[in-house]
1. Express in whole angstrom the spacing between the alpha-carbon centres of segment B:72-93 and segment A:266-297.
2. Could you tell me the largest-minus-smallest coordinate of the C-alpha atoms of the protein assembly as shown on each of the three principal axes, in descending order and whole angstroms?
3. Please compute the contact order of chain B in relative form: average sequence separation of alpha-carbon pairs under 8 Å and at least six residues apart, divided by the residue count, as a percent.
4. When the Cα atoms of segment B:5-80 are enclosed in a convex hull and the volume is divided per residue, what value in Å³ results?
5. Give me A:Y502, A:Y96 sorted ascending by neighbouring Cβ count inside 10 Å, so fewest comes first.
6. Counting only other residues whose beta carbon sits under 11 Å from that of A:A535, what net charge do I get with K and R as +1, D and E as -1?
7. Given contacts defined as C-alpha pairs under 8 Å and at least six residues apart, what's the relative contact order of chain A, whole-number percent?
8. Can you check what the Kirkwood hydrodynamic radius comes to for segment A:238-294, Cα pairs only, in Å to one decimal?
Amino acid sequence: MNLKTVGAPLVRNGGHERVTGEEKYVADIKLPGMLESKLVTIDSAHAKILSIDTSQARKVPGVRLVMTAADLPQPVPRFGPQIEDRPVLADGEVKYHGEPVALVVADTLEAAKKAARLVHVEYEELPAAFTIEKALDPSTPLVMDPSLRPNDPLAHTNIFNEHRYSWGQFDESKAELVVENTYSFPMMTQFCIEPPAFIAAPDKDGIAIWSTIQHLYWLQKIIAKLLKLPLSKVHVYAPDPGGGFGGKQHAKYEPAVAFAALKVGQPVRLVLTLEESFQAMRRTSCETHIRTGFRKDGTLVFQDIVANYLLGAYVDIGDRVVGKGSYAGAGPYRTQAVRILAKSILSNTPPATAMRGFGNPEVNWAVESNMDEAARLLGIDRLEIRLRNLAKKGDKFIPYDKPADGDWPQTVLKAADLIGWNKPLVAGHHRGIAVGLKLGPTTGLSYSLVRLLADGSAVVASGTSDMGQGARSILAQIVSEELGIPYESIEVVMGDTSSVFYDQQTSASRSTVLMGNSVLKACHSIQAQLKTRLAKSYRLEESQISVEHGVVKFPDHEEPIPKTIKTALGSLGGEIIGVGEERKEGEKEHPLGGSASFYEFNCTAVEREVNKATGDVTILRYVTVSDVGKAINPMQVHMQDEGAAVQGLGHTLMEHYIFDEKGRIRNLGAADYRILTSMDLPKEFVSETVENADGPGPYGSKGMSEGAILCVSPAVGSSVNEAIGTPIRDLPLTPERIWQALQEH
Amino acid sequence: MEKLIPVEMTINNQHYSLQVPPSMRLLDLLREKLDFTGTKECCGIGECGVCTVLVDGKAVDSCLMLAVEADGATILTAEGLARDGHLSDLQKTFLEKGAVQCGFCTPGQLMSASYLLSQNPHPTREEVEEGMAGNLCRCGCYERIVDAVLTVSGKDGGEK
């Protein structure tokens, strides 16, 4: 196939606005008569609210409303994507450090802040469960009120759900080596540089909401239900988020702001501080106990995995993270027998939600590190043990799911080659390698609209959220390719529920595949209509004309589509409209509700040195290789994989919440919670792809952007182990931990 | 009510005579009063760099500076980088090198890069990594941001 714009490293659609400061994020929007608001919180992780005195706060000049749970409909409305457990404002009890007990609305932010400090909350501190051990202790108070899950046998425990997957016959006697260890993955946060922001405004007989949300149609549904409005009266605007990484998938404080706006009858804005955003979203932390059985030749006999994921005080999408993340927990290997038990454990911590990798990096840290330990014990090369067990294309490595859909050994060998795996090492240098696998979406529904305009330009409307991954570019490239229109003259409209058709969500690296296919179908519809009209205009049989890849082929010549539009449209002009629909249906019997649309597969390899005096590590060379099927925009593909690597190095080397003895987070904000900067980069950074056009998306593409975060920790951990001669099984691998391990070893 | 203080400043080549409260941050003056929303806010404590602007040619975290402290100053924000509708070399190169993902940190990155090149027109890679370390990018574009800055420095010896 001779592709023109697909496969080209084109500059980001929406880039111009981003370098000129014109791009409007939610916090940049001002509405006439807009009021400001501030959350009121208490400095406790778990407390019974005895009373809230708002009298002093209400006296502050400019204050319009001090809203507590008592001002909301009773019982206090609750919401959530999996279970409606989260109250709009704290309802008699604060269940995590930072849970808002009130919202102050005022003419100015200064007045709102001042008043928020004057809201007097009397409370009685309760013991806080902020570790797995504490949450599972039967004497610990229940985080979730059992009445919220009446028929659940687990209702009187802090376990929200248990996910069990297994296949194959367990015969441990076949294993000649069993490696058994416990690994921990830290509690960390998405740290979007754009903190979440929300505006709600009464809108005739409905409401308009502006939010940094990824899933605008989910938000529409939640607000409609809470406010008892038809969907048509809830208008959600979702400008491109300034980073999401999963953290912005679901509603947080939009409901509170919506109730407040309706009460005061004016627009109300709430922009979270970075500290508040740490308390509003985080990744699931996890402790994984794993037993892996091997034959002497390194063949996997069994994997027995128990993963305890710590959710927060409210479920959000956290339990789905646990269920889906652990499901592929045994990795991309042909394992004879697998047993996985993953628990979603509630705690008095900020609600855990989706984050890049969706529960998989947590378990993969354990699975891949155990592979490494087995390789050492069996005297097998760490690359070789992986290749021996890796599923080949077509292997049903998870018996009831999609077979392996890529040449994964090719990816691994490419990464090994790029890191120089078999080349001699300079003294003091050490290497590590690891693989990672994640499921793409299991269900999905994406509608799209493509309008071919009279002058040969086009508009695409898509409910996908472009939070930096570059969906705008990808969709514009598909339209450019199919309709023969210059990339630059395509306008992509997103983030508006009243003018853009329904899209289920932007997650699981789905948009290139699902929305991409939808847009492709819309383009095909336009091509078909064009053919009919041109046949009529030129008095030809439709079979005498073909339209594809931007070109109309007539019996005697061919023309680019834009040149034919005038004739096709006729004297009235107008436009040609194409609607696309892409469905990924669920499967009732499937443990996840549906099999994978595709797999994301990545291999990461590093070479590094460790300063044995300080525990500091320097990554000399970093290689990430992903199987992407087909890179529609190679530059964006590399940007995504490099970004995933940088983020993964964060949880690998430095990021974690620090709690005090009462469960309050002590390192809120950018000064005390470190992420990578430009000074922490690998000295050499190599990002490569494998492209065999074997994906279900347009032109053989697969979803990507999460794969490259899956195996950062085990690859780096492996090299640290090589350097210091002992494994560290708790992340992050801080200099302090490495130094301590060196002293003890 | 705080007493307002008269200040004068030039922002992106426009002269402004303003009355500002003494406690107002330069960031709020720019964003809330004058609608220069290209300058962003994230951490509010001078750690993330998204609010970076040039004050008399120096890179400043505008969340840490009071508006009154900028009295008499010449200020440049991201909105002032393009001239007559033409992107500056840095803006163009950021796009071409893929140094922009979600874009929220981009205005601050561009201002820090402008300052860096004004001080050191031909920096080494290490100098760029150090010079840009005050600007966080959670999309993880650092490598490309550094590449973009180096490319511009090689082209014309720095942003003019």
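1. What the calculation gives is 38 Å, centre to centre.
2. Dimensions of the protein assembly as shown along the principal axes of its Cα atoms: 85, 80, 63 Å.
3. On the way: 296 pairs, mean separation 36.1, N = 160.
This gives 23 percent for chain B.
4. 73
5. Ranking A:Y502, A:Y96 by Cβ neighbours within 10 Å, fewest first, gives A:Y502, A:Y96.
6. Local net charge: +2.
7. Over chain A, the number comes to 15 percent.
8. On the way: mean 1/r = 0.0681 Å⁻¹.
For segment A:238-294, inverting the mean 1/r across all distinct Cα pairs yields 14.7 Å.
Only the coordinates and a few stated rules stand behind these numbers; no lab work does. In this text the structure is predicted, and so the values were computed from the model without any measurement. Backbone-built Cβ (ideal geometry, glycine too); neighbour counts: all protein chains shown.
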